[in-house]
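Read-outs: derived from the displayed coordinates by stated rules, not from any lab. All figures in this text were calculated on a predicted structure; none of them were measured in a lab. A quick note on method: Cβ atoms are made from the backbone with ideal geometry, for glycine too, and the neighbour counts reach across all protein chains shown.
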Amino acid sequence: MNVKTLTPEISVTKQLTAQDVADAAAQGYRAILSNRPDGEEPGQLRAADIEELASRHGMAFEHVPVVSGAITDADVAKMRVALGRLASPVLAFCRTGTRSATLWALTQTGAMEPHAILRATANAGYNLDSLLPRLTRADAGRASASQYDVVIVGGGSAGIGTAASLLRRQPSLAIAVVEPSATHYYQPGWTMVGGGIFAPETTCRPTASVMPKAVTWVRKAATAFVPETSEVVLEDGTALRYRVLVAAPGLKLDWEAIPGLSQALGKNGVTSNYRYKTAPYTRDMVRALKRGRALFTQPPMPIKCAGAPQKAMYLSCDLWRRAEVLGDIEVEFHNAGAVLFGVAAYVPALMAYVERYGIDLKFESRLVAVDGRARVATFQRKRSDGGSERIEREFDFLHAVPPQVAPDFVAKSPLANETGYIAVDPSTLRHVRYPNVFALGDVCSAPNSKTMAAARKQAPIVAVNVLATLEGHEPIAHYDGYGSCPLTVERGKIVLAEFGYGGKLLPTFPTWLLDGTRPTRAAWWLKNRLLPSVYWHGMLKGREWLAQPRHMAGFEKSRAA
Ligand code: FAD
């Protein structure tokens, strides 16, 4: 196989054979990119066959077929998306390697000067001088079109919070927020909707009303990160360029990972507070249930708000207790994990409620299928001998929480670590390989609990560190892993878990005022009355109540404070 190296990240070559694919893997390539349409000549391996071979050798594959001599701007955009998805080094091929080299050259405008692009291809043996006018035009267009100081991907809690904190410190910044959704949600309120305490409408607002006026709102989804060229590719194939990227697109609720679940949701007694549309169904079903079996499930960690699956359960049990029907309802908690809550200090208070409500705890029991019509849930359970078994449970009520993973476009990107989440330094929230990239909120790999409370603390820290980066300094603000989980153990009382990295307790208030390890009315008041306002009027406006970065490094502290 005669490989021509354009950069350490990408090489090009002619049509691959099966043996070439094996050789590419042996030579350390992590991905294959085909630029050849199927069926150009007899005997040519089809893209699907090469994908299969690549996958057998542990390599990713993308197919961006183009016609020789007719490469369009849309082809270039597709190539950019594909390169953004693939881990490098990538081996791209077509019939001779020229189309691949040409496409690569066209994706480099904005990142490299046109003559430098042509030198790179010439060094690899491809004279593409005829491309110069197109490269020059594209370079000028891209340079003027969409360059921002900061591009924020995701206008959820973390994204808007960061934009607001940045603008508080430096109102003149050019910021783009990439957010496709017309509605912004306050997800912590959904537990209260399911418990019949909040009206659903109080947990959402038009995105336009929370988007800071000084930012450019790009109403599209991002589809790829290209950190080598400091670009984010959008769903329409266009790209935004940044000096600093803040990635905050949240996580993906993987409903489809449990066969039958998404079809069953919202009917036949199957519900979830993890979806805006079904949280009111939880409330209605709980009110309607008078006897039978109620199942609550919790998927493997990490999930957003690790306490939310059991919060739904306690509030439901409390309603059944008040309606004097709890004795006729068999309640089971199927938890994929081996403990009730990850921080031991809060477990005794929770266990007292488990006993009070007569809940049957089933640890290491994972929901794997739902048959809504038959009202049967299937679980994979660990047996005492270490093996596992599938068991079926009939139900009258099922509160299901889906497995949670990084969004697909993130997991496939060069920003991801082996879990799919964005690999950041847990202290500065800066990417471990790309110094002008930060990530926060549910999408980042830091081992804090994935909560809005964490994002509230992270946003100002990222804002300070982004500004430091823009000024050519190292990050100066440090995150201690703070997250919080208000466990609604009954209507009117909450066990307020507040902790940081390593499970270290980080209470906001002195114990005499609010002891988080016990159920208190004060914590309920916080969640019920105070926190929604802190969110809408504080965090999303850059008012950092109880969230100002405190851990600053050395001389920079006074500048950033
Ligand atoms: P999100 O708020 O989910 O925002 C992600 C944003 O990215 C969304 O607006 C989405 O539209 C956008 N996006 C997605 N894909 C793309 C793309 N391709 N391009 C551009 N934008 C994209 N936290 C607490 O602190 N306390 C609680 O009591 C609590 N309870 C909870 C109860 C429930 C039922 C749930 C579901 C969550 C709860 N949380 C709680 C967790 C909290 O809501 C999340 O941790 C928080 O919203 C994370 O913020 P984020 O910005 O990372 O993600």
Next item on the list: Output the pairs from K277/K527; K78/K252; K450/K541; K220/K527; K412/K450 with a Cα-Cα distance over 30 Å in this structure; if there are none, say none.
Entry: K220/K527
Check: How big is Rg to Rh over the chain, alpha-carbon atoms, Rh as the Kirkwood inverse-mean-distance radius?
Finding: 1.02
Next item on the list: Excluding residues on the same chain fewer than 8 positions from K213, give the aspartates and glutamates whose Cα lies under 17 Å from its Cα.
Entry: D149, E179
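Mean separation of Cα pairs under 8 Å and 6+ residues apart, divided by the residue count of the chain: what relative contact order is that in percent?
Details: 1197 pairs, mean separation 73.5, N = 561.
Result for the chain is 13 percent.
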Item checked: Reduced Cα scattering model of region 276-406, Debye log10 I(q)/I(0), q = 0.17, 0.22 Å⁻¹ -> -0.93, -1.52
Next item on the list: Would you calculate the separation in nanometres between label points at R30 and D408, each defined as 7 Å from the Cα along the Cα-to-beta-carbon direction?
Entry: 2.1
Checklist line | Cα centroid of region 463-532 to Cα centroid of region 162-177, whole Å | finding: 24
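Taking DSSP loops as anything outside H, G, I, E and B, show the longest stretch in the chain free of GluC sites (Glu not before Pro) there with at most 12 other beta carbons within 10 Å.
Numbers: sites that count: E324, E418, E471.
Formally, the longest exposed-site-free interval is 1-323.
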Next item on the list: Would you mind ranking W104, W524, W320 by Cβ crowding within 10 Å, fewest neighbours first?
Entry: W524, W320, W104
Note to self: Quick one: 3J(HN,Hα) in Hz for region 197-213, Karplus 6.51/-1.76/1.60 with θ = phi - 60°, rounded, Gly and Pro as x.
What the structure shows: 9, 9, 6, x, 4, 6, 9, 9, 9, x, 4, 4, 7, 10, 6, x, 4
Next item on the list: State the Cα centre-to-centre distance between region 61-140 and region 314-361 in whole Å.
Entry: 59
Checklist line | Backbone HN-Hα couplings from phi across region 540-548 [Karplus 6.51/-1.76/1.60, Hz, Gly and Pro as x] | finding: 6, 10, x, 8, 9, 4, 6, 9, 5
